[in-house]
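The values are calculated or read from the model by the stated rules, or taken from the named source; none is laboratory data. Model, not experiment: these values are computed from the prediction. Reconstructed Cβ throughout: ideal geometry from the backbone, glycine too, with neighbour counts over all protein chains shown.
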């Protein structure tokens with residue numbers, strides 16, 4: 001059975017793992033987010049959702 005597709009892994013984690021965490025991932029008006037910053041935020045939000053009892057299928 002094939003593993004489910006994880007968009008965060010494809011869009012963010014692979015860049016951090018390749019050593020490109022300091023590269024700009026998102027430009028929003030006058031703010032930029034690096035891949036590492038996005039990864040940290042994804043982890044933080046995921047942990048908060050898990051703490052609330054939200055499961056992967058509910059996200």
Of the listed residues (45, 27), the one being at pLDDT 90 or above and assigned to a strand (DSSP E or B) is 27
How many residues of the range 3-23 are over 11 Å from the mean Cα position of the chain (by Cα) and on the phi < 0 side of the Ramachandran plot? The answer is 9
Fill in: residue 45 without any contact (Cβ under 8 Å) to a residue 40 or more places away in the chain, within 20 Å of residue 5 (Cα to Cα) and touching a helix residue (DSSP H, G or I) at 6+ places or on another chain (Cβ under 7 Å)
no
Per the filter on the range 24-57, residues farther than 19 Å from residue 11 by Cα, within 14 Å of the chain's Cα centre (by Cα) and surrounded by 12 or more Cβ atoms within 10 Å (Cβ to Cβ) are 49
Of the residues in the range 8-23 that are touching a strand residue (DSSP E or B) at 6+ places or on another chain (Cβ under 8 Å) and outside any helix (DSSP H, G or I), the one that is surrounded by the fewest Cβ atoms within 10 Å (Cβ to Cβ) is 22
